[in-house]
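Heads up: the structure comes next, in structure tokens.
The values are calculated or read from the model by the stated rules, or taken from the named source; none is laboratory data. These numbers were taken from a predicted model, which means no experiment stands behind them. Cβ placement follows ideal geometry from the backbone for every residue including glycine, while neighbour counts extend to all protein chains displayed.
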2 protein chains.
Amino acid sequence: MSLIVQKYGGTSVDGPARIRAVAQHVVKAREEGHDVVVVVSAMGKTTDELIKLAEELSPIPPARELDMLVTAGERISMSLLCIAISELGHTATSFTGSQAGIITDSVHGKAKILEIRADRLRDALAQGQIVVVAGFQGMSPDRNITTLGRGGSDTTAVALAAALEAGCCEIYTDVAGVFSADPRVVPQARMQQELSYEEVLEMAATGGRVLALRSVEFARNYGVTLHVRSAFTWEPGTWVRQEEAMEKAVISAVTHDTSEAKVTMLGVPDRPGIAARLFRALADDAVNVDMIEQNVSVQGLADISFTVPKADLPVATRVSEEIGRQMGASSVTHDPDIARVSLIGAGMKTHPGVAATMFETLAGHGINIEMISTSSIRISCIMREERMVEAVRALHTAFELDTEPVP
Amino acid sequence: MSLIVQKYGGTSVDGPARIRAVAQHVVKAREEGHDVVVVVSAMGKTTDELIKLAEELSPIPPARELDMLVTAGERISMSLLCIAISELGHTATSFTGSQAGIITDSVHGKAKILEIRADRLRDALAQGQIVVVAGFQGMSPDRNITTLGRGGSDTTAVALAAALEAGCCEIYTDVAGVFSADPRVVPQARMQQELSYEEVLEMAATGGRVLALRSVEFARNYGVTLHVRSAFTWEPGTWVRQEEAMEKAVISAVTHDTSEAKVTMLGVPDRPGIAARLFRALADDAVNVDMIEQNVSVQGLADISFTVPKADLPVATRVSEEIGRQMGASSVTHDPDIARVSLIGAGMKTHPGVAATMFETLAGHGINIEMISTSSIRISCIMREERMVEAVRALHTAFELDTEPVP
């Protein structure tokens, strides 16, 4: 009997009808002979509602108490799921993060898992029980309740799969799997049956929203195979695993992202250390810089462009203007109306010419590329936000990702 | 600095505005120089709503999971209260039942407290923190979450007051204190400033609804002084303590109760053991018998009457008819339309004539007494339900309980 970890997100357990459907699917896996550990998120909007209550009482609620508060959400969904499973004639036992032995550091609101002491879970499994664990939460060494931050339930599931040496970690969600592009932008987007950790990491970092970056990193580090699939159709979805095991597609996805803004410092006299000085100053003000590009003109003047989350734009602009003045820059501009479109594919490493095709495709549509950045399996271009949808569709077609009839 | 335990019920913390008001009152006690431990119930109807969700999934939810579910309610209210207190510039730390060291037996849904390991609470108090504890919940020796059943938050508060040797346990509620009768029935009812444990126990057992029987028993056993008072006016309310310390009023309250029904077995040949046989059979069917009365007529035939909770009436009637047939009773009747009206007062012990005055008062109103039972500080009469209100008002006046202007 192999062990499966199943994780269900908030929309998958939103209300008694959904919880009943999930219970049936859990029991199905158990009856097929698997040991089953289930990780659940809070129902629907519960977490948001609890945070809203807290914020009515204090603009900056103490982090320890906020964690205590929001962890009530998973407590509710996990016990309801156990009740629904019991109604189907199986024994399910729920465990909070602390009961499941999920030991984290003490950083409330975004704690990191230090260790999993899974003895109680192993005991319950050995007794033939279905184990249901609250996602997103743990306990610090000084026995305070912590939460793992955004995507925390995915991380709980992957960490448990690693600790219990599960054959697979199934991430159930409200979409069918991981797509070659956002289906709302590209109706012909296809669900990918198999992706590498690296591809999914690049997708998560460039606007893909199915899996949280952190849980995929965790899965890669511990070699946990992920299966992202629908809790509504129950059809097989996307497998995420080590690249070695896979046939490499050249391009697996086109992602897009409008969450960033661009700052440009123009006409800086080109001396060693200008970039260092600017980005140290930005780091000191906790501005999270993503892409960076520096060009030197024939006149010995440099232009430096970089992107930051839109929320950081005011601080980034202020800091850049200050540094620009000190360094004699001719001007600083900022621009929130940009989009980043990225091509991602593990096969890129061994297929030259991907970048050329990408640039030709965009040029063919008259789309101007303002910045470029690359990794070994990704090429990102910054462009006007209003051209983004056209660019994503054009690239999706150019790289032959549009859905074809299954042979 | 003395330690105060304050307990707030569900209506007292129902919503952000109420939680803010409670936070202010808690901080006031702290700023007056007290160490403060606060015990909270779940907000408003939260517990009922969670139970309703569970019952949508299973008619008989597993008790362990039901406890896990409903304990989310106090988790929410206690962390919100801490957040509100922090906004007032004080440090408050919340503790679940298990974090507070409340060790119970393993009877889910109505666990009994075995032990309180209050080290964490003592540490927090020593650091000058306000301690907020989830009411109604604990942890069993095998580390499962348990709940204490009806009135459980009062019990948590009293138990913590005993364990921490608090000077006083304040029970905040939505009424001003303990009244000489239900103010909805007797508009002239007065709030009693002081009552003995025994009086409050008799009141709780005969229809009074302010304090749960169990928490008063606990307070009596450990000598914890209670102060029942309003979380809306914040005025002083009713003190409940050892009788020795008090001036004894003859009568402190008139209570009423319509939750029971009467069964009568008529014309049973009077032989030793008939009562034993009937009540053994009822006990075997888990019928909870309250009052019992047996008369023997001159013909050597006995009539046996007893009262049971209305819910138990069908079973009680069936069992009585069976036993009645075996014992040759002439008939068995049952009657749900009864009420019990009780007089309670510690001074009764030393004032003869209370019963006589009670019976005369009822006779003066033409109210027929169907059954009588007494304890050293209580006299209860069963009568027609439709005469109950008149009886309560008449007795309240006869024993000079109607409100008088404060001198």
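Look at the range B:75-92 and say how many of its residues are crowded, with 21+ Cβ neighbours inside 10 Å and either farther than 23 Å from B:Leu50 by Cα or aliphatic (A, V, I, L, M) (or both).
Counting residues in the range B:75-92 that are crowded, with 21+ Cβ neighbours inside 10 Å and either farther than 23 Å from B:Leu50 by Cα or aliphatic (A, V, I, L, M) (or both) gives 9.
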* **Checklist (1) touching a helix residue (DSSP H, G or I) at 6+ places or on another chain (Cβ under 7 Å); (2) more than 9 Å from chain B (Cβ to nearest Cβ); (3) on the phi < 0 side of the Ramachandran plot applied to A:Gly44, failing item** => (3)
* To do: Filter the range A:24-49 for residues that are touching a Ser or Thr at 6+ places or on another chain (Cβ under 9 Å) and farther than 23 Å from A:Ala162 by Cα and give the result.
  => A:Met43, A:Gly44, A:Thr46, A:Thr47
* To do: Would you mind finding the one in A:Arg214, A:Arg271 that is in a helix (DSSP H, G or I) and either under 30 Å from A:Ser320 (Cα atoms) or modelled with pLDDT under 95 (or both)?
  => A:Arg214
* Asked: When you look at A:Gly101, is it closer than 15 Å to A:Gly149 by Cα, crowded, with 20+ Cβ neighbours inside 10 Å and either within 11 Å of chain B (Cβ to nearest Cβ) or at pLDDT 95 or above (or both), yes or no?
  -> no
* Residues located in the range B:104-135, provided they are more than 21 Å from B:Ser12 (Cβ to Cβ) and within 12 Å of chain A (Cβ to nearest Cβ) -> B:His108, B:Asp119, B:Arg120, B:Asp123, B:Ala124, B:Gln129
* Among the residues of the range A:134-147, which ones are under 21 Å from the mean Cα position of the chain (by Cα) and assigned to a strand (DSSP E or B)? -> A:Ala134, A:Gln137, A:Gly138, A:Thr146, A:Thr147
* In the range A:266-296, the residues that are within 18 Å of A:Ile372 (Cβ to Cβ) and more than 31 Å from the chain's Cα centre (by Cα) -> A:Asn295, A:Val296
* Among the residues of the range B:84-97, is any under 21 Å from B:Val216 (Cα atoms) and more than 12 Å from chain A (Cβ to nearest Cβ)? -> yes
* Pair list, Cβ under 7 Å, 6 or more apart: the range B:35-49 residue more than 10 Å from B:Ser77 (Cβ to Cβ), other residue hydroxyl-bearing (Ser, Thr, Tyr) and part of a helix (DSSP H, G or I) -> B:Val39/B:Ser153; B:Val39/B:Thr156
* Structure fact -> By residue number, the members of the range A:312-335 that are more than 17 Å from A:Asp285 (Cβ to Cβ) and either at pLDDT 95 or above or among the charged types (D, E, K, R) (or both) are A:Asp335
* Provide a single number: the residues in the range A:113-125 that are surrounded by fewer than 15 Cβ atoms within 10 Å (Cβ to Cβ) and under 25 Å from the mean Cα position of the chain (by Cα). => 2
* Of the residues that make up the range A:295-304, is at least one out of contact with any Cys (no Cβ under 8 Å at 6 or more places or on another chain), assigned to a helix (DSSP H, G or I) and aliphatic (A, V, I, L, M)? -> no
* Subset of the range A:138-157 that is under 11 Å from A:Ser41 (Cβ atoms) and surrounded by 24 or more Cβ atoms within 10 Å (Cβ to Cβ) - its residue that is modelled with the lowest pLDDT -> A:Gly152
* Consider A:Glu56 carefully, then state whether it is within 11 Å of chain B (Cβ to nearest Cβ), of a type outside the set (Phe, Trp, Tyr) and touching a Phe, Trp or Tyr at 6+ places or on another chain (Cβ under 7 Å). => no
* Report yes if some residue within the range A:63-70 is farther than 16 Å from B:Ile83 by Cβ and within 11 Å of another protein chain (Cβ to nearest Cβ); otherwise report no. => no
* Restricting attention to the range B:4-59, which residues are of a type in the set (Val, Ile, Thr) and over 23 Å from B:Gly151 (Cβ atoms)? -> B:Val27
* Quick check: is even one residue across the range A:133-146 without any contact (Cβ under 8 Å) to a residue 60 or more places away in the chain and within 23 Å of A:Gly223 (Cβ to Cβ)? -> yes
